[in-house]
Amino acid sequence: MTAFRQTLKSAADLADAGLIAPGRAAEIARVEARYAVAIPPAMAALIDTNDADDAIARQFVPDPRELDRHPSERTDPIGDGIKSPVAGVVHRYPDRILLKLVAACPVYCRFCFRREMVGPGKANALSDAELAAALAYIRAHPEIWEVILTGGDPLVLSPRRVAEVTAALEAIPHVKVLRWHSRVPVVTPERVTPMLADALGSASKTVYLALHTNHPREMTAAARAACARLIEAGIAMVSQTVLLKGVNDDADTLEALMRALVETRVKPYYLHHGDLAPGTAHFRTTIAEGQALMRILRTRLSGLALPTYVLDIPGAHGKVPIGPQYLAQTATGYAVLDVHGQSHAYEDCCAGPR
Ligand code: SF4
């Protein structure tokens, strides 16, 4: 395994590091001019340069196909902009909001659903005035029970800034849950210092961290130790994974990832169907393929290790589970499929009204 010291941020860096052939630097530079590039040392070290189909490289090394935009793809695939009442806030569901604190990430994923909004040159971190306006919005909406802190990746902020945001939200009585979304514990585990873990913790609110991870090789010893530091600071952890062709679209890989997460005390939460982000068609599976994978996972994994397969409906219509379905209505009740695909009649029998 090669040791890398710094984040690789350009086609030239990737060529120097041996992660792309020097002859590819010009075509990769064209992608870099459009979409940000960053591969931190922990992820660069995981790339197997002898494997042309390496799952880690595929997630982070730019690909010229990113410049091919399919007609169905959208600049804002899940409609954040439509549901944004003030800068940095997305209010899509009544009881929760997204608070997008920064537009920077420690790594730039080639399939990112917010790829048009993140990276150098995009609107940066929320200013103090914008944060104050976002907090005023939350205070004025007592129905907001959960604040989902995202970006970009909010854990690129300093522990001091994280603590300030936590303290500001602690002062709003109707907010009960803070949920941070981050790739940091996996891609830059060294950032998860005891100081950052303390800054994320709260004596008065329940704090979750949703870890974004897509491949079992990402769950290194350092990543698992970073998760342990968070959990021991009182933070509950769930995971989200994007279903990606050539990365994790096979049952063995997904099974290994979900087992690694549960072993790390992280509950698998969502398996996202790929969003219609520009230039990401080469990453998307069909929904039928995703459902077939979920069917296999259900034969192998306990409910604790099974994520929910979801689609974020384009146009800001929200997230829904997309199967597979095990229940079909019949004239007398239901036909229920078991995990082996065998159908069983079920009579929906109860004693009637209370
Ligand atoms: S870390 Fe998240 S927001 Fe940042 S590039 Fe990756 S998927 Fe996008």
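The values are calculated or read from the model by the stated rules, or taken from the named source; none is laboratory data. Small disclaimer: the values here were computed from a predicted structure and weren't measured. So basically every Cβ, Gly included, is an ideal-geometry build from the backbone, and we count neighbours across all protein chains shown. Protein only, heavy atoms only, side chains kept; ligands, DNA and RNA dropped before computing areas. Shrake-Rupley method; radii C 1.70, N 1.55, O 1.52, S 1.80 Å.
For this structure, a couple of remarks:
- Residues of region 93-108 classified as among the hydrophobic types (A, V, I, L, M, F, W, C), within 13 Å of the ligand (Cβ to nearest atom) and touching a helix residue (DSSP H, G or I) at 6+ places or on another chain (Cβ under 8 Å), total: 5
- Selection count, region 307-328, where residues are assigned to a strand (DSSP E or B) and open to solvent by 30 Å² or more (accessible area, probe 1.4 Å): 8
- For region 1-27, residues that are in contact with a helix residue (DSSP H, G or I) (Cβ under 6 Å, 6 or more places away or on another chain), open to solvent by 80 Å² or more (accessible area, probe 1.4 Å) and within 11 Å of VAL61 (Cα to Cα) total 0.
- Once region 329-354 is narrowed to residues that are of a type outside the set (A, V, I, L, M) and not in a loop (DSSP other than H, G, I, E, B), the residue that is most open to solvent (accessible area, probe 1.4 Å) is GLN329.
- Boolean, LEU169 is assigned to a strand (DSSP E or B), in contact with a Leu (Cβ under 7 Å, 6 or more places away or on another chain) and open to solvent by less than 10 Å² (accessible area, probe 1.4 Å): no
Listed here are the residues, each with its yes/no results for (1) touching a strand residue (DSSP E or B) at 6+ places or on another chain (Cβ under 7 Å); (2) closer than 15 Å to ASP13 by Cα; (3) not basic (Lys, Arg).
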position: GLU27; (1), (2), (3): no, yes, yes
position: VAL37; (1), (2), (3): no, yes, yes
position: ASP48; (1), (2), (3): no, no, yes
position: GLN59; (1), (2), (3): no, no, yes
position: ARG65; (1), (2), (3): no, no, no
position: PRO71; (1), (2), (3): no, no, yes
position: ARG74; (1), (2), (3): no, no, no
position: ILE78; (1), (2), (3): yes, no, yes
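- Scope region 51-80; condition within 17 Å of GLY18 (Cβ to Cβ) and out of contact with any Gly (no Cβ under 9 Å at 6 or more places or on another chain); matching residues: ASP51, ALA52, ASP54, ILE56, ALA57, PHE60, VAL61, PRO62
- Matching residues, region 230-266, being assigned to a strand (DSSP E or B), surrounded by fewer than 22 Cβ atoms within 10 Å (Cβ to Cβ) and in contact with a Pro (Cβ under 9 Å, 6 or more places away or on another chain): MET237, VAL238, GLN240
- If you filter region 135-156 down to residues that are assigned to a strand (DSSP E or B) and in contact with a helix residue (DSSP H, G or I) (Cβ under 9 Å, 6 or more places away or on another chain), you find that the one that is nearest to the ligand (Cβ to nearest atom) is LEU149.
Per-residue answers, yes or no, for (1) open to solvent by 20 Å² or more (accessible area, probe 1.4 Å); (2) within 12 Å of the ligand (Cβ to nearest atom); (3) in a loop (DSSP other than H, G, I, E, B):
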site: ASP48; (1), (2), (3): yes, no, yes
site: GLN59; (1), (2), (3): no, yes, no
site: ARG65; (1), (2), (3): yes, no, no
site: HIS91; (1), (2), (3): yes, no, no
site: ARG110; (1), (2), (3): no, yes, yes
site: GLY121; (1), (2), (3): yes, no, yes
site: GLU130; (1), (2), (3): yes, no, no
